[in-house]
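First the structure, in the form of structure tokens, and then the observations on it.
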Amino acid sequence: MKIRLEKLREVARVAVREALTRCPPVPARLRQELTLGVEIAGDERVFILYNAGERPEDALFIARAVLDVSTGEVKQVEVFPENWT
């Protein structure tokens with residue numbers, strides 16, 4: 001049985017927040033306009049925290065979390081501090 005997207009989103013949010021504590025702080029100018037997007041990739045949901053740009057290719061990726069849709073397990077969390085430092 002698949003776990004509801006809202007539940008997965010909360011798990012991803014917590015995992016990303018924890019990962020971000022080990023990095024330099026995200027500047028306030030970027031924190032004000034963060035967006036959490038989701039991609040469906042088979043049995044995984046990929047949650048991407050980003051700051052949108054004027055064009056899609058201008059987006060500034062902050063972090064991404066990959067979750068298993070059946071178990072809710074966090075399979076991977078990546079943080080990209082090089083994008084804001």
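Yes or no: region 2-18 includes at least one residue that is under 25 Å from T85 (Cβ atoms), out of contact with any helix residue (DSSP H, G or I) (no Cβ under 7 Å at 6 or more places or on another chain), at pLDDT 95 or above and among the small types (G, A, S). Yes, region 2-18 contains a residue that is under 25 Å from T85 (Cβ atoms), out of contact with any helix residue (DSSP H, G or I) (no Cβ under 7 Å at 6 or more places or on another chain), at pLDDT 95 or above and among the small types (G, A, S). Of all residues in region 20-42, those being charged (D, E, K, R) and modelled with pLDDT of 95 or more number 2.
Pairing residues of region 39-55 that are in contact (Cβ under 8 Å) with a residue 40 or more places away in the chain with residues that are part of a loop (DSSP other than H, G, I, E, B) and buried (at least 16 other Cβ atoms within 10 Å of the Cβ), at Cβ distances under 6 Å and at least 6 apart in sequence or on separate chains, gives R45/V69. Only one entry in V69, V16 is among the aliphatic types (A, V, I, L, M), closer than 26 Å to K2 by Cβ, out of contact with any Asp or Glu (no Cβ under 8 Å at 6 or more places or on another chain) and touching a residue at least 24 places away in the same chain (Cβ under 8 Å), namely V16. Applying the criterion of being surrounded by 16 or more Cβ atoms within 10 Å (Cβ to Cβ) and basic (K, R) to the residues of region 32-66, the residue that is nearest to K2 (Cα to Cα) is R45.
The values are calculated or read from the model by the stated rules, or taken from the named source; none is laboratory data. Bear in mind the structure is a predicted one, so any value in this text is a computation, not a measurement. So basically every Cβ, Gly included, is an ideal-geometry build from the backbone, and we count neighbours across all protein chains shown.
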